[in-house]
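S.K.: The structure is given below, and queries will be raised subsequently.
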Amino acid sequence: MQNKSGQAPLIVILATGGTIAGSGDDVGYVAGQVGVKELVAAVPALADRPLEAEQVAQVDSKDMSHAIWQTLAARVAHHLARPEVAGIVITHGTDTLEETAYFLHRVLSPAKPVVFTAAMRPVTSLQSDGPQNLLDAVTLAAHPGASGVLAALHGRVHGPVDVRKALPFALDAFSSGEAGPVALIQEGQVRPLRPWPACQALGLDTIAFQASSWPRVDIVVSHAGVDGVVVDALVAAGARGLVIEGTGNGTVHVSLLAAVERAQAAGLPVLRGTRCAGAAVVGAPAGALPSAGELSPAKARVELLLQLLSSAA
Ligand code: SIN
């Protein structure tokens, strides 16, 4: 889809599915049904904007795969390299948006804005939030000075390290926890609050291996009564890294810890996060497992996966 007014900058919309492309009632809908051209057509304010749209995938994001991440990263990199493209919008399911956003942040850390958006209600709902979120995402992608991987949801702009789905059904489902949003979008105006996100990009070469051969990295939760059976089984199944979702400030049950230390002794890298939502693990007491810091366990898994890929590249 292309609509050149010669005024506004060119934005590319890459669609991957999710509730924003869902159809049905508020709970019993099916995600990933509506094509990207229909999504754009549902937003009259986008009619005169120079846009291109591409369907990269069409999935419920609970089923997101490493193979789709690999394809998406390649398409984002392709469009970012085009001088005429000012920014990219990615439509995605809300359930794993934060993992895909963190993945692209670490692999590409783009100088142009790459803006994720999503919806908590399908396009067929009376409460449909997708059209406004899509309009806000395009506004942000075209905003002069904006850069990096961002998420525009419900009037807030979140960074890739802090964004997380905090509520399962509310329209205002996303939070940046203690860090707070990077910017607000109000009445079509972007109001930056803190610096745009950036990091040292690992580059596309890091993820060039076939996705089916990427190292296995698993998340294990520490809880009352836990033991080391799951960790021992994962190591036996070929896990190459482990994230421990600890209690409180990243503490780990003594019975689980014994198995994790066996895994470490066998050469597996480990990161220790917290079950507490929206907050970082603080400090690193002597002898503690390496901390995931500000990363949620799901993002720490992505980080460990990328570190393993990068050391093999
Ligand atoms: C999904 O993550 O694809 C379904 C849920 C949603 O987008 O809200």
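The values are calculated or read from the model by the stated rules, or taken from the named source; none is laboratory data. What you see is a predicted model; the values in this text were computed from it and never measured. Backbone-built Cβ (ideal geometry, glycine too); neighbour counts: all protein chains shown.
S.K.: Being away from the ligand (no atom under 15 Å from the Cβ), free of Cβ contacts under 8 Å to residues at least 40 places away in the same chain and crowded, with 24+ Cβ neighbours inside 10 Å: is that true of Val114 here?
M.R.: Criteria met by Val114.
S.K.: Also: Identify, from the list Ala146, Ala151, the residue that is closer than 22 Å to Leu39 by Cβ, in contact with a Lys or Arg (Cβ under 9 Å, 6 or more places away or on another chain) and at pLDDT 95 or above.
M.R.: The conditions single out Ala146.
S.K.: Are there any pairs, at least 6 apart or on different chains, whose C-beta atoms fall under 8 Å, with the first in region 201-229 and touching a residue at least 40 places away in the same chain (Cβ under 8 Å) and of a type in the set (Asp, Glu) and the second surrounded by 12 or more Cβ atoms within 10 Å (Cβ to Cβ) and assigned to a helix (DSSP H, G or I), and if so, which?
M.R.: Between residues of region 201-229 that are touching a residue at least 40 places away in the same chain (Cβ under 8 Å) and of a type in the set (Asp, Glu) and residues that are surrounded by 12 or more Cβ atoms within 10 Å (Cβ to Cβ) and assigned to a helix (DSSP H, G or I), the close pairs are Asp218/Leu234; Asp218/Arg301.
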